[in-house]
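Visitor: Questions regarding the structure given below will be posed in turn.
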């Protein structure tokens with residue numbers, strides 16, 4: 001066991017894990033009185049990689065990325081002080097199936113962490129379930145930027161170097177090609193596929209076989225192993241696993257946008273609280289039909305004006321009958337009559353023209369339809385008009401078919 005207190009501040013308490021490059025300890029920060037994780041470089045580890053992890057992670061501050069608090073050297077060993085995340089790894093949670101809601105939440109957290117890294121020009125290059133940790137609130141956080149590289153780093157695009165974990169490598173990464181944000185998107189797709197189906201898209205006893213297969217073969221569909229998977233999550237996994245990197249979502253931000261555009265169906269309890277009660281019945285037609293009725297009413301006003309004008313010309317010229325008004329066929333127009341409109345319809349002949357007709361022939365209003373020539377003179381039409389109603393309602397009254405002879 002290394003010295004109990006690192007750099008006079010971090011007291012080691014319990015070994016959390018050990019790998020080929022380093023070991024991680026639960027420690028207590030004596031100055032800030034909080035638990036932290038201390039990562040110590042092992043004798044087999046490389047200082048440049050360890051330093052790269054420290055610098056990469058320290059440049060990123062995000063709820064879905066494990067934070068870095070300190071970095072230094074103590075007794076010839078490099079150490080890295082990290083945020084303590086007590087919820088275990090995603091690799092451990094894969095032992096039992098997760099609900100679709102949990103899968104969507106974990107995918108959203110991972111995508112958000114990748115979006116932050118890509119926005120700052122950093123490619124993780126080794127995203128996998130064991131590098132996704134959970135805090136006490138169940139939030140997923142990306143860890144271990146040990147093989148991460150900046151997009152501006154010339155070595156990132158050098159071909160021939162294969163870095164990462166075979167099962168989660170993108171095809172271009174597995175063949176030593178150029179690596180970019182799309183490579184992290186592919187690893188995200190493998191994780192999402194595994195969350196939905198309980199297995200990776202390519203499964204072999206030999207990692208090299210996996211690498212070779214994914215370099216030329218399309219990944220299978222999620223539906224082949226789980227037909228009832230949420231369609232939008234299955235589609236996102238398929239696009240992230242595209243063989244052609246140009247067909248994948250461009251980066252973590254694109255993954256976040258794709259997830260935010262979709263949502264899982266609400267549970268019955270949630271759906272019940274979100275139901276909006278319909279308005280009480282008022283006898284009115286729904287707005288779309290009302291808009292059609294307004295158009296029909298406007299057309300009727302124009303038609304009545306035209307007919308009234310024609311009637312006045314016929315009366316002036318000595319014709320026997322006024323032209324009949326065509327029967328309205330718009331159901332929206334007839335559906336808009338109100339009780340006040342029916343009163344006016346009973347009080348006046350259906351063919352009564354607007355006031356513009358009375359101005360042209362003040363002493364002789366148009367005769368009712370299907371009767372003989374007008375032989376009587378009546379006072380202005382305003383005497384038989386009931387109290388003013390809404391113009392839009394009054395003008396819709398009156399197709400001849402609503403009253404009998």
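A short reminder: the numbers here are calculations on the coordinates, not readings from a lab. Keep in mind it's a predicted model, so treat the numbers as computed, not measured. With ideal geometry, Cβ positions are generated from the backbone for all residues, glycine too; neighbour counts draw on all protein chains shown.
Visitor: Scan region 54-102 for residues that are assigned to a helix (DSSP H, G or I) and in contact with a strand residue (DSSP E or B) (Cβ under 7 Å, 6 or more places away or on another chain) and report the count.
Guide: 5
Visitor: If you don't mind, there's one more thing I want to ask. Which number in (1) over 18 Å from residue 142 (Cβ atoms); (2) surrounded by fewer than 23 Cβ atoms within 10 Å (Cβ to Cβ) marks the one condition that residue 201 misses?
Guide: (2)
A quick yes/no check of all residues on (1) within 28 Å of residue 200 (Cβ to Cβ); (2) surrounded by fewer than 16 Cβ atoms within 10 Å (Cβ to Cβ); (3) without any contact (Cβ under 8 Å) to a residue 12 or more places away in the chain:
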site: 25; (1), (2), (3): no, no, no
site: 43; (1), (2), (3): no, yes, yes
site: 51; (1), (2), (3): no, yes, no
site: 67; (1), (2), (3): no, no, no
site: 71; (1), (2), (3): no, no, no
site: 75; (1), (2), (3): no, yes, no
site: 84; (1), (2), (3): no, no, no
site: 99; (1), (2), (3): yes, yes, yes
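Visitor: Ok, one more. Just checking, how many residues over region 174-185 are part of a helix (DSSP H, G or I) and more than 20 Å from residue 120 (Cβ to Cβ)? Can you show your working first?
Guide: Initial filter on region 174-185 (part of a helix (DSSP H, G or I)): 174, 181-185.
Right, trim to more than 20 Å from residue 120 (Cβ to Cβ) and you get 174.
Final tally of qualifying residues: 1.
Visitor: Looking at region 208-237, which of its residues are touching a residue at least 40 places away in the same chain (Cβ under 8 Å) and surrounded by 14 or more Cβ atoms within 10 Å (Cβ to Cβ)?
Guide: Correct list: 210, 211, 214, 215, 229, 230, 233, 236, 237.
Visitor: Could you tell me which residue of region 170-183 is nearest to the chain's Cα centre (by Cα), considering only residues that are closer than 14 Å to residue 217 by Cβ and buried (at least 20 other Cβ atoms within 10 Å of the Cβ)?
Guide: Restricting attention to region 170-183, the residues satisfying the condition of being closer than 14 Å to residue 217 by Cβ are 170-171, 174-175.
Among the residues that remain, those that are also buried (at least 20 other Cβ atoms within 10 Å of the Cβ) are: 170-171, 174.
On the way: 170: 27, 171: 29, 174: 33 Å.
Out of the qualifying residues, it is 170.
Visitor: If I filter region 110-122 for residues that are outside any helix (DSSP H, G or I) and surrounded by 20 or more Cβ atoms within 10 Å (Cβ to Cβ), do I get at least one hit? Reasoning before the result, please.
Guide: Taking region 110-122 first, the residues outside any helix (DSSP H, G or I) are 120-122.
Add one more test, that the residue is surrounded by 20 or more Cβ atoms within 10 Å (Cβ to Cβ), and what stays is 122.
Yes: one or more hits.
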